[in-house]
Each structure stands twice: as structure tokens, then as C-alpha cells.
Amino acid sequence: MIKFHLKCDQDHQFESWFQSGAAFDKLVTTGMINCTTCGSTQVSKMIMAPAINTSKSITAPKQTDAALTALKKKVEAESEYVGRDFATEARDMHDGIKPERPIYGEANLHEAKKLVDDGIPVMPLPFVPRKKAH
């Protein structure tokens, strides 16, 4: 995992974690990265100094409660919860079997890795989604 300092075309700055630099590149070219302030998909990496963790335990990145709450509200309002069918739905949309639409749900590590390996743009959510009925 790698943390990037990002900036949108409106000069809002924020941070996010990615599986790799290549994963960031894939997600940004498909418009899957949004500014946490304004929602712009015109996002780029900022110059940053390397961070060295001297702690014996690595902790998850800290998010501000307001930003996390806003992101969760936006995802849940503008996307369809597909539950455990997430990997199947994402693959079917990528393959043209189902129409593209914003979705979120659950996938195990193996399913998520296979989607990324197959070039299907997905990203983990920094929160546990609220489960909604289909």
C-alpha cells in the first residue's frame, strides 16, 4: 500500500491510499478518483517526501470524521449496493453484459485482486458500507 498526496484541478488537497502506483494510474485514467471536497475527477499526485514508520506496528491511515462521513454519504446516495455480488456485477459491467452504473458492495481479497489483475477498475472503501436491500 502507498499513500499519495493528491490535488484536484480546483486546488483542493487530500490524501488517499492505493495498492500501488500503477493502481493509482489505472484509477485516475478511468475517473475513479474524486476530490474529497468538490468531487472533481481531475486529480493529480503532488510532490511528497517519503514517510518512514519507525513504529513496530503499522496503523491504518487516519481520516477526518467529516470527510469520511461525506464520502460514505455520497457513495451510498449515488451508488447501488450489490452486496456479495460485487465482483460478478463489476465483471459483467466491464464485459458489457450489464449496463455500467455506480455500484458498491463486498468482495473478498481473492475476488478483488482478480478484478484488478483483469484491468477492472475497483477500489476499496475506507468504511464499512451500510447494507441496503436490492
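The values are calculated or read from the model by the stated rules, or taken from the named source; none is laboratory data. Note that the structure is a prediction, hence the values are computed from the model and not measured. Remember, those area values only see protein heavy atoms, side chains included, never the ligands or the DNA or RNA. Shrake-Rupley method; radii C 1.70, N 1.55, O 1.52, S 1.80 Å.
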Residues with amide H under 5 Å of GLU15's amide H, sequence separation 5 or more or different chain, H placed in the peptide plane at 1.01 Å from N; which? LEU6
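Distance cut-off 21 Å, Cα to Cα: go down the list LYS26/LYS113; LYS3/LYS45; LYS7/LYS113; LYS26/LYS73; LYS7/LYS74; LYS73/LYS98 and report the pairs above it. Can you show the working numbers first?
Values: LYS26/LYS113 14 Å; LYS3/LYS45 10 Å; LYS7/LYS113 27 Å; LYS26/LYS73 25 Å; LYS7/LYS74 19 Å; LYS73/LYS98 25 Å.
Flagged as over cut-off: LYS7/LYS113; LYS26/LYS73; LYS73/LYS98.
Calculate, in nm to one decimal, what ASP65 and HIS110 gain on full extension: separation in residues at 0.36 nm each, minus their alpha carbon distance.
Details: separation 45, 0.36 × 45 = 16.20 nm, distance 2.95 nm.
Length gained between ASP65 and HIS110: 13.2 nm.
Tell me, what % of the accessible area of the range 69-130 is carbon and sulfur with a 1.4 angstrom probe? Walk me through the numbers on the way to the answer.
On the way: 2270 of 3920 Å².
On the range 69-130, the fraction of accessible area on carbon and sulfur atoms equals 58 percent.
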